[in-house]
Structures are given as structure tokens and as C-alpha cells.
Amino acid sequence: MVRIRVLVVDDHRIFAESLAAALAAEPDVDVSAAGSAPAAARCLERAAAEGRRFDVMLVDADLGAAAGTVPVQRAPGSAPPPAPPGADGIALVASVRTAHPGVRTVVLAERDDPRRAALALQAGASGWVAKDCSLSRLLAVIRGVLREETHLPPALLTGVLRELTAARKHRTDSERLVESLTPREHEVLRCMVAGLGRKDVAARLFLSPHTVRTHMQNVLGKLGVHSTLAAVALARRAGVRPAELAGDVVERSGQPA
């Protein structure tokens, strides 16, 4: 019998323990529980190190504000992945997608919310399920996502599709603005996405801080925003990769200053 390894992540201890106990009664399910994102990270890393990877993670949509992101192994000096939106269950989904792409995630929610459900799907979730759904329904979703299915309550479908369509248009508009940048401005934007300040950008691109300031002002103007944070948010929507801090060498010659 193929066993399914499930990790329940919920900071409501009674609910998490009750759900874990119900799932553990199934003959083909092995289940563990974690009360926070850091605890979930430890469970996932330990299981991966021991060759006992989890198959599915069930995560509370309203995981407490203490929920952070799952540490991602990366080369020394390289840029971290973009921060997911908000310190909650959806943020954890995005982190797990990056750190443990083989783990399917299902968000457990106390209320239907098309916008947050759409965000969960964009973050990498395979399903959005009501916390008060039946055990048989939850098991069907768990087995379904392992078959690469996506599960949403029927009442949410129209709203989620509307949200995803709007997000796609927003992304298209953002991509069009980013395409208006010169190659040098695009490189400066990538450095901004990586979290580099003006002096660091200047050192990386072999430019003067004054020239970098001019490029940054041009980037903000062309993107139609008034702050670095807004520019970074738009760049992420457009799929702009952060400049890597190692191994992504910028040539001095051939680049317009």
C-alpha cells in the first residue's frame, strides 16, 4: 500500500491535533502536525534529510502573523527569492513551493474569499478547502492534488476566475511598462528587486552613485510609481528576476551608462 505523508500546519492546537488524529485513522495516511511556519520548515527539512518527504501540506489560511517563510538553500551571496505577500498561510505556501516543490499544498479556510483563494493558487496551492468540510471531502482533495488536480469549492470558481483574469491583465500592463526600460535601466531595476541600495548598485554596475540615482529616477518615472517599494512590487508582478549577488557578472563594456 502506497502511504501518503501529510503535514498539518495550524496554530490552533486543538483543531490541528483533531484533524491530525482523524487523518491518522486512515490506513494509507501518515500525518504530522506543526503549529507555525518555522515548525513546518523544520519538519519539511528533517523529512527531506531522512528521505521521508511529505506529499501534501494542509495549511491554515489565517496562520498567525508569526508565520514566516521556509528557509531556501541557495549559494552563498545569492539573492533570496521575492518575499511572498503577507506573513500568513499563503506566504507559507509560496515559500514551500520554492523550498520543496514536490510538496502539494492545500489551504484550509474558515470562510470563502475569492481574492485570497486566487492568491493561494498564484502562490502555488493546489486547493482551497473549507475547514468545516467533511473528512471524506478532505481526503478526496488530498488524493486529487496528488494526481495533479486543482480543487476549489464550486461557489468560489466564478470569483476566483475573475480575480485571476484581473491579475493576468495587471501583469500584462506591468510587463508592458518594464519593456519600456533601457537595458541599463532594466539592470538597475533587477538590482532594486534584489534589495540593493544606491551605493551597492553603483559598485555592482561600475557607475557613480549620481548616475545610479538618475537611472532609478528614470525607472520610477517610466513605471509610473513614486517609490522603490512600488517599483519592486510592479517588477515582481512582471516577472522581473532579482539580480543575483554572485555568479551574475555584469560586463562593463557594451552597456550604455
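Some observations on this one:
- Residue match in the range 186-199 (condition: assigned by TED's automatic domain parsing to the domain that holds A25 and in contact with a helix residue (DSSP H, G or I) (Cβ under 6 Å, 6 or more places away or on another chain)): no
- Conditions (1) surrounded by fewer than 16 Cβ atoms within 10 Å (Cβ to Cβ); (2) over 21 Å from the mean Cα position of the chain (by Cα); (3) in contact (Cβ under 8 Å) with a residue 40 or more places away in the chain; (4) assigned by TED's automatic domain parsing to the domain that holds V56: number failed by F206: (4)
One line per residue, one yes/no per condition, for (1) at pLDDT 90 or above; (2) outside any helix (DSSP H, G or I); (3) under 24 Å from P242 (Cβ atoms); (4) not assigned by TED's automatic domain parsing to the domain that holds M192:
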site	(1), (2), (3), (4)
L19	yes, no, no, yes
R42	yes, no, no, yes
A48	yes, no, no, yes
A66	no, yes, no, yes
Q73	no, yes, yes, yes
A79	no, yes, yes, yes
G86	no, yes, yes, yes
L92	no, no, yes, yes
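- Enumeration of residues in the range 138-197 that are small (G, A, S), more than 19 Å from the chain's Cα centre (by Cα) and either closer than 20 Å to A243 by Cα or buried (at least 18 other Cβ atoms within 10 Å of the Cβ) (or both): S180, G197
The values are calculated or read from the model by the stated rules, or taken from the named source; none is laboratory data. What you see is a predicted model, and the numbers here were worked out from it, not measured in a lab. With ideal geometry, Cβ positions are generated from the backbone for all residues, glycine too; neighbour counts draw on all protein chains shown.
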